[in-house]
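Everything on this sheet refers to the single structure shown next.
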Amino acid sequence: MAVLRGLQAWVADQRMQRFRVPGESFGSYLFVPLRWQKHLYSPDGERFVTEAWRRTGAMYGYGLVGMLLFAIGNA
């Protein structure tokens, strides 16, 4: 599940790149967590920013649950 959520976050990131605000510097979009800010995209692309953060949070959440279950199973 964590891998699936990570792939969905990547897809959302690819979609949001189509909605960049003109005039922002190229460097604003280089580092992934820093480019997931709503002010860097048009209003149509803001939903993809929210989706990418939500999917990334789910990815880390599923990873944490998986590690806990693995630790409990091996205890």
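If you go through region 20-36 and pick out every residue that is out of contact with any Leu (no Cβ under 9 Å at 6 or more places or on another chain) and surrounded by 13 or more Cβ atoms within 10 Å (Cβ to Cβ), you end up with 2. Does region 43-52 contain any residue that is open to solvent by less than 50 Å² (accessible area, probe 1.4 Å) and outside any helix (DSSP H, G or I)? Yes. Filter region 1-19 down to the residues that are aliphatic (A, V, I, L, M) and open to solvent by less than 70 Å² (accessible area, probe 1.4 Å), then identify the one that is farthest from Val49 (Cα to Cα). Step by step, filter region 1-19, then rank; the result is Ala2. When residues in region 3-30 are screened for being within 17 Å of Gly45 (Cβ to Cβ), among the small types (Gly, Ala, Ser), more than 11 Å from the chain's Cα centre (by Cα) and not in a loop (DSSP other than H, G, I, E, B), 1 of them pass.
Among the residues making up region 31-42, those that are in a helix (DSSP H, G or I), more than 30 Å from Leu69 (Cβ to Cβ) and touching a helix residue (DSSP H, G or I) at 6+ places or on another chain (Cβ under 8 Å) are Leu34, Arg35, Lys38, Leu40.
The values are calculated or read from the model by the stated rules, or taken from the named source; none is laboratory data. Treat the numbers as computed from the prediction; the structure is a model and nothing was measured. All Cβ positions, even for glycine, are placed from backbone atoms using ideal geometry, and neighbour counts span all protein chains on display. Quick note on the areas: whole protein, heavy atoms, side chains included, nothing else; ligands and nucleic acids left out. Shrake-Rupley method; radii C 1.70, N 1.55, O 1.52, S 1.80 Å.
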